[in-house]
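A short write-up of the structure that comes next.
The values are calculated or read from the model by the stated rules, or taken from the named source; none is laboratory data. This structure is a prediction, so every number in the text was calculated from the model and none was measured. Glycine also receives a Cβ, built like all others from the backbone with ideal geometry; neighbour counts cover every protein chain displayed.
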Amino acid sequence: PAPRTVLLTGAAGGLGTHMRRLLPEHGYTLRLFDVVPIEDEPDAVTADLADRDALREAVRGVDAIVHLAGISLESTFEKILKANIEGTYNLYEAAREAGVPRVLFASSNHAIGYTPFPQGTPPLPAGALVPVATPRRPDTFYGLSKSFGEDLAQLYWDKHGLETVSVRIGSCFERPSNVRMLSIWMSPADCARLFDAALTAEGVGHTVVYGSSANTRLWWDLSPARALGYEPQDDSERFAAELLAEHGELDPSEPGQAYIGGGFVTNPPIWPR
Ligand code: NAI
Ligand code: 15L
């Protein structure tokens with residue numbers, strides 16, 4: 001049967017807020033989890049991913065988990081270790097113990113951030129697009145934690161039969177805010193479509209997909225996501241003229257503009273210790 005009750009971690013965040021609104025429209029009942037309290041949601045679990053008892057309680061009886069919680073930008077190694085690496089491990093352990101059959105893991109383009117973006121006039125032919133099987137090249141400790149999460153997901157599938165779809169999300173915001181994002185943008189509505197496909201497709205084992213809209217300037221192969229049943233409806237091209245007039249085309253001779261990870265490669269905003 002299709003999963004209906006879903007634990008949404010990171011529910012207070014930017015993407016979590018979109019998914020709180022959009023996933024119920026796809027028929028899901030959500031249980032919310034975040035270290036930050038959520039206004040007008042008295043039933044939300046307010047707890048840290050470090051709190052294993054709270055996680056055990058939160059996963060009880062759910063059909064699937066959408067795991068968005070964690071640090072979502074570059075930070076110190078110690079903070080990434082705690083929230084993203086240990087936190088994701090704690091979540092998987094709770095899921096395994098409770099027999100939750102499937103997790104959707106919010107991976108990131110920054111797991112392959114040091115991959116040069118493919119050159120050419122858009123739309124690029126299928127053969128020029130970056131495949132899911134490209135070697136991982138994290139651009140930050142943050143990207144490294146997403147690479148770890150993908151490997152953890154593979155281990156829990158191989159060893160415990162716990163399924164995961166790891167979605168290497170591009171940039172999921174209301175609109176793209178720079179030229180790079182024209183290639184990797186995912187509208188929140190397409191994100192909900194992709195998450196729905198990832199939660200309902202049969203026999204996913206551990207599947208890694210890129211997460212974006214059907215952008216004219218796409219850099220990566222969306223066919224693994226489409227194979228899950230994802231049918232993107234949006235294209236960032238409607239924002240292209242305005243963004244290109246303001247910023248110009250990307251200049252691949254600039255290190256901060258040459259890679260899929262964009263500015264994460266050269267200028268990570270390291271938080272103070
Ligand atoms: P966000 O930073 O707005 O939200 C993350 C949420 O996780 C926050 O509400 C925060 O309180 C919570 N959180 C952080 N540490 C926690 C902990 N130890 N215990 C419990 N909760 C904790 O980030 P956003 O943009 O909503 O991203 C959600 C997820 O998707 C993140 O895992 C991020 O890495 C991933 N992602 C997002 C992309 C995007 O374009 N928005 C792109 C690629 C990946
Ligand atoms: C991410 O992984 C971040 O969580 C998000 O805030 C954006 O920076 C996005 O990648 C991006 O690459 O634009």
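Below, the figures for the structure above:
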{"quantity": "Test: residue 151 is out of contact with any helix residue (DSSP H, G or I) (no Cβ under 8 Å at 6 or more places or on another chain) and either in contact (Cβ under 8 Å) with a residue 12 or more places away in the chain or under 24 Å from residue 82 (Cα atoms) (or both)", "calculated": "yes"}
{"quantity": "Cβ pairs under 9 Å, 6+ apart, first in the stretch 217-243 and at positive phi, second part of a loop (DSSP other than H, G, I, E, B)", "calculated": "229/201"}
{"quantity": "Residue 137 being within 15 Å of ligand 2 (Cβ to nearest atom) and either of a type in the set (A, V, I, L, M, F, W, C) or surrounded by fewer than 24 Cβ atoms within 10 Å (Cβ to Cβ) (or both)", "calculated": "yes"}
{"quantity": "Members of the stretch 54-80 found to be in a helix (DSSP H, G or I) and farther than 25 Å from residue 171 by Cβ, listed by number", "calculated": "54, 55, 56, 57, 58, 59, 78"}
{"quantity": "Any hit, the stretch 157-169, residues being touching a strand residue (DSSP E or B) at 6+ places or on another chain (Cβ under 6 Å), within 16 Å of ligand 2 (Cβ to nearest atom) and free of Cβ contacts under 8 Å to residues at least 60 places away in the same chain", "calculated": "no"}
{"quantity": "Unique match (being in contact (Cβ under 8 Å) with a residue 24 or more places away in the chain, under 19 Å from the mean Cα position of the chain (by Cα), within 14 Å of ligand 1 (Cβ to nearest atom) and under 26 Å from residue 253 (Cβ atoms)) among 87, 113", "calculated": "113"}
{"quantity": "From 231, 246, residue being more than 16 Å from ligand 1 (Cβ to nearest atom) and in a loop (DSSP other than H, G, I, E, B)", "calculated": "231"}
{"quantity": "Residue among 111, 83, 95 that alone is touching an Asp or Glu at 6+ places or on another chain (Cβ under 9 Å) and crowded, with 24+ Cβ neighbours inside 10 Å", "calculated": "111"}
{"quantity": "Complete set of residues in the stretch 1-35 that are modelled with pLDDT of 95 or more, away from ligand 2 (no atom under 16 Å from the Cβ) and either in a helix (DSSP H, G or I) or exposed (fewer than 14 other Cβ atoms within 10 Å of the Cβ) (or both)", "calculated": "5, 20, 21, 22, 23, 24, 25, 26, 27, 29"}
{"quantity": "Residue check, residue 71 closer than 24 Å to residue 195 by Cβ and within 14 Å of ligand 2 (Cβ to nearest atom)", "calculated": "yes"}
{"quantity": "Sole exception among (1) within 11 Å of ligand 1 (Cβ to nearest atom); (2) free of Cβ contacts under 8 Å to residues at least 40 places away in the same chain for residue 41, by number", "calculated": "(1)"}
{"quantity": "Complete set of residues in the stretch 4-25 that are more than 9 Å from ligand 1 (Cβ to nearest atom) and under 15 Å from residue 102 (Cβ atoms)", "calculated": "4, 5, 6, 7, 8, 23"}
{"quantity": "Check on residue 103, crowded, with 18+ Cβ neighbours inside 10 Å, modelled with pLDDT of 95 or more and more than 30 Å from residue 139 (Cβ to Cβ)", "calculated": "no"}
{"quantity": "Qualifying residue in the stretch 119-137 (condition: over 20 Å from the mean Cα position of the chain (by Cα) and under 15 Å from residue 262 (Cα atoms))", "calculated": "yes"}
